[in-house]
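Some notes on the structure that comes next.
The values are calculated or read from the model by the stated rules, or taken from the named source; none is laboratory data. No experiment lies behind these values; they were computed from the predicted model shown. No Cβ is skipped: glycine too gets one built from the backbone with ideal geometry, and neighbour counts run over all protein chains shown.
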Amino acid sequence: MKFYIKTFGCQMNEHDSEIIAGVLQQAGYQPCGELDAADIIVVNTCCIRESAENKIWGYIGNLKNAKYKKPGVIIAVLGCMTQQTTIGDALKRYGSHIDIVLGTYQQHRLPEYITRALAGSGQIVDISEDNRDFPDELPAVRVGGVTAQVNISYGCNNFCSYCIVPYVRGRERSRSLNAILAEIREAAAAGCKEIMLLGQNVNSYGKDLRKAGQTDAPDFAAVLKAACAVPGIERVRYMSSHPRDFSPELVDEISLLPQVRAYYHLPLQSGCNKTLRAMNRGYDTARYAEIIDRIRAKTPAAAVTTDIIVGFPGETEEDFRASLDFIARCRFDAAYTFIYSPRSGTPAAKMAEQVPLAVKKARLQRLTTLQNQISLAKNQAYIGQTVRVLVEGPSKNNPELLTGRTESNKIVILRGGAELINQITAVEITGAKTWHLEAL
Ligand code: 5AD
Ligand code: SF4
């Protein structure tokens, strides 16, 4: 029997889909690239913003056709969205064409539930954000090519006031360093040159282990060092970090790791202290600036990117301007920008002074205009430089060209043959756009 997986959401979800593919293949199912050819359809969902949810509801609704055409097909909905009880109930109530509804930490049980569904069990719902029983080691079928994604922790303890993640992914749980390293070694042996360490807040890795009595449990710096020491691993990235837990000492340690130091992603969320407090972020702009300054002092060529939310409840025009000023001061290489989306069950959704959508949209536009200028200027500074590019594959827009990334994680469009894929090659940058460099 064949399965097809449709993934929505972040890298964490993409990697969860690799694990889902792994457990299904281990159980004897085969992957297929077309929904119509599948006997099992898996939808891996996201609920970080309303826009994601709306898209997914549309997709799930359309699957009625798949069931109509092939009544025996098994449809399973997994992932973050199902963890919101209200939506879990809704799926139960409205999605009679959905056979299986599982939470993020039940995904390894999918084969068992498919067997039950095939035997005519009726709709199965198993959702819980409790990750204590989630196995530390699971198979994964990597689709990332040159990059292997490796979980270092699950869940989040931060409760930023806008964020649904701690409610759907549960408390923070670190994987053992042995399990992490075994996966990295396996990926390196399979030819992966880049590792992406995944966790909602990678900086607090190991805290839970130490609390549980494992006093010598490694910290995040130790994970980075161990990953860098695996032969064949040329680059180590991580996602996501938290400025509150990003100590200046960690910057110093990273500055000694050539595979890591050229790229930092440090979500700021807002450049206004009042908003940061209301977001429950646990740092202010002075502390954030201290980290940025340390990074630039230690590794001047490092690129720094960030996440920004506009239109958080209570954000006034003055607050937004303060945020813009701070963003201009930080001179990020790029920013992933979001319009605040109220998530039911989070404290921010209940706050008074919600910002009207039109104001949010206008602010996003102003932020994008500012950041695009900075991104372009930063990228233009690369023109004439020779950079080491890890080639990922053919360019999406022009399959005759290749796409890859610099050590600082900038996308480069370059010329070259397929033999360069998964190799590091030195090229001279000839052009720069807002979101990528060119070596043509
Ligand atoms: N609305 C808008 N953006 C959000 N993010 C998280 N929750 C929300 C929300 N409710 C953004 C944050 C985070 C990124 C992954 O998504 O910027 O860093
Ligand atoms: Fe959400 Fe904050 Fe946790 Fe990130 S650190 S997952 S934004 S609660």
When the residues of region 134-151 are narrowed to those that are in a loop (DSSP other than H, G, I, E, B) and surrounded by 17 or more Cβ atoms within 10 Å (Cβ to Cβ), which ends up nearest to ligand 1 (Cβ to nearest atom)?
Gly144
Looking at Ile100, Ile184 in this structure, which one is free of Cβ contacts under 8 Å to residues at least 60 places away in the same chain and over 17 Å from His15 (Cβ atoms)?
Ile100
Show me the helices (runs of 4 or more DSSP H) found entirely inside region 152-238 where at least 3 residues are under 18 Å from the mean Cα position of the chain (by Cα).
165-169
Going through region 243-283 in order, the residues found to be of a type in the set (D, E, K, R) and within 16 Å of ligand 2 (Cβ to nearest atom) are Arg244, Asp245, Arg277, Arg281
For a quick check of your reading: which strands (runs of 3 or more DSSP E) sit entirely within region 15-133 and have at least 2 residues that are more than 30 Å from Asp208 (Cβ to Cβ)?
40-45, 74-79
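Quick grid of which residues meet (1) closer than 28 Å to Asp307 by Cβ; (2) touching a residue at least 60 places away in the same chain (Cβ under 8 Å); (3) not hydroxyl-bearing (Ser, Thr, Tyr):
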{"site": "Ser375", "(1), (2), (3)": "yes, yes, no"}
{"site": "Asn379", "(1), (2), (3)": "yes, no, yes"}
{"site": "Gly384", "(1), (2), (3)": "no, no, yes"}
{"site": "Gly404", "(1), (2), (3)": "yes, no, yes"}
{"site": "Lys410", "(1), (2), (3)": "yes, yes, yes"}
{"site": "Ile413", "(1), (2), (3)": "yes, no, yes"}
{"site": "Gly431", "(1), (2), (3)": "yes, no, yes"}
Test: Arg132 is modelled with pLDDT under 95 and either closer than 12 Å to Ile20 by Cα or of a type in the set (Val, Ile, Thr) (or both)
no
Determine if region 319-332 includes at least one residue that is in the same structural domain as Ser240 (by TED's automatic domain parsing), within 25 Å of Pro243 (Cβ to Cβ) and at pLDDT below 95.
no
Considering region 289-310, residues that are within 16 Å of ligand 2 (Cβ to nearest atom) and in contact with a strand residue (DSSP E or B) (Cβ under 8 Å, 6 or more places away or on another chain), and then whichever is farthest from Val260 (Cα to Cα), we arrive at Val310
Can Asp293 be described as at pLDDT 95 or above, within 16 Å of ligand 1 (Cβ to nearest atom), assigned by TED's automatic domain parsing to the domain that holds Arg363 and closer than 20 Å to Ser408 by Cβ?
no
